[in-house]
Amino acid sequence: MAAPHLHTHEATWPEARRIARQAARRLGPQVQPLGDDALGTALAEPLTALVDLPSFDSSAMDGWAVAGPGPWWLTGQLLAGQGSPALLRDGCAAPIATGAVLPPGAVAVLRSEHGRTEHRTDGTRLELREQRFAPRPGQEVRRRGQECRSGDELLPAGAVVTPAVLGLAAASGYDELTVTARPRVEVLVLGDELLGHGLPRKGRVRDALGPMLPSWLRALGAEVTSVRHLLDDLGAVREAISAGSADLIITTGGTAGGPVDHVHPVLAAIGAKLLVDGVAVRPGHPMLLAELPTPGPATAPARASAAVPGGGPFLIGLPGNPLAAAAGVLTLVAPLLRTLAGHRVPAPYAAPLTEDVAGHRVDTRLVPVVFDDDSAARPLRFAGSAMLRGLAAADGMAVIPPGGLRAGQETAVLDTGMSAAAWGSGG
């Protein structure tokens, strides 16, 4: 039987990113305890305040809670963690620690360095060191609800869970968060010529993508379930793709039209829907995006999944050359993962170029750049499709439209996401 015909669509670079972003649907929600497993995921629902923050009036400084104008007579002691204190009468003060409950009757807190005490036979007297230190009403006091009121939206759905988000959730009384499931990704590294260790030698090159992609994908918020190295064998490639159980399969190499480039024939044979077949970008032109047939119950992952039209699973075929593959990650992988993971689209940023950059006649170019002290983008050498030296030193990838740009002109700069912590940046 003849393999089904695949509709092909070579896309412009902006169009390819849009297709990748819109092809998928957000994965289902899951509940995660506060901790490392939640880091890098996106909130599946807004984070709302469970209580007022602070939930009581408290001292912002070590010092004395004071009632009325000074001088004051000292009474008692107020420490963090204590319950409701007694009324502080006018003309009295009580030593208070940072975070301790402000007693009823107190109007302000006098900082410890702004007052001095004098022990007398009838008690201990507190005075100002200087009149300019006289506390104003509410001074050094954290008022209840100063940060938020119960029911306020603290963060919207789609916010990436960072260490600070964990801290905010804990401070608000949460023990767990409802987040979007982390996309599961399998990586298939194709090529007879690849070496897994040792020095490159004639006809053989070291595999750069096997070490590079997994940590990069984790930084983009994915869970990498496996990395497999395959020879250029049609049957092996078809078996690996057909047996995949992840939300996204990424292949490297085998996407062009050479005699051992098997990705296209396999996709045709299994009835995949090809969404992007080639992108007008340099490097990285022979990349592709396909929606795979939905796996049956025996192979579907036991997890929250969007097993509906537009829910995948998906396959992204990256070129085998390292910088071309990196361009494919920025063009197709990052936008698709962002949608699956429920991450918001990051705000773009632009920078002026420090020098002229030649452009392709019709294709977009992605060029590694570093920022100078004036936040201008300086193009780096070693930007060939097989080179990683420029990318390894880069702060980002400048988007050069067809025809090129002159020095001083602004252009979009893509954050690669490589410098993010391993728990994810959203891409």
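Using beta carbons and a limit of 7 Å, which pairs, at least six apart or on different chains, have the first residue in segment 329-344 and more than 12 Å from D247 (Cβ to Cβ) and the second one of a type in the set (S, T, N, Q) and modelled with pLDDT of 95 or more?
From residues that are more than 12 Å from D247 (Cβ to Cβ), the pairs are G342/T180.
Yes/no per residue for (1) over 23 Å from M418 (Cβ atoms); (2) under 30 Å from the mean Cα position of the chain (by Cα); (3) surrounded by fewer than 19 Cβ atoms within 10 Å (Cβ to Cβ):
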| position | (1), (2), (3) |
| --- | --- |
| L188 | no, yes, no |
| V205 | no, no, yes |
| A208 | no, yes, no |
| W216 | no, yes, no |
| A219 | no, yes, no |
| A222 | no, yes, no |
| R228 | no, yes, yes |
| V237 | yes, no, no |
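Of everything in segment 246-262, what is buried (at least 24 other Cβ atoms within 10 Å of the Cβ) and without any contact (Cβ under 8 Å) to a residue 60 or more places away in the chain? Give them in sequence order.
none
Do the conditions hold for R238, that is, is it among the basic types (K, R) and either outside any helix (DSSP H, G or I) or without any contact (Cβ under 8 Å) to a residue 12 or more places away in the chain (or both)?
no
Can you confirm whether A3 is assigned to a loop (DSSP other than H, G, I, E, B) and at pLDDT below 90?
Yes: the conditions hold for A3.
Which ones in segment 273-285 are modelled with pLDDT under 95 and among the small types (G, A, S)?
Within segment 273-285, just G284 meets the criteria.
If you go through segment 187-200 one residue at a time, how many are assigned to a strand (DSSP E or B) and either β-branched (V, I, T) or over 18 Å from L388 (Cα atoms) (or both)?
The number of residues fulfilling the criteria is 4.
Please go through segment 332-368 and pick out each residue that is assigned to a loop (DSSP other than H, G, I, E, B) and closer than 30 Å to A181 by Cα.
Selection gives A341, G342, H343, R344, V345, P346, A347, P348.
Can you spot a residue in segment 384-394 that is modelled with pLDDT of 95 or more, surrounded by fewer than 22 Cβ atoms within 10 Å (Cβ to Cβ) and outside any helix (DSSP H, G or I)?
no
The values are calculated or read from the model by the stated rules, or taken from the named source; none is laboratory data. Source: prediction; values computed, not measured. Note that we place each Cβ from the backbone using ideal geometry, even for glycine, and neighbour counts take in every protein chain shown.
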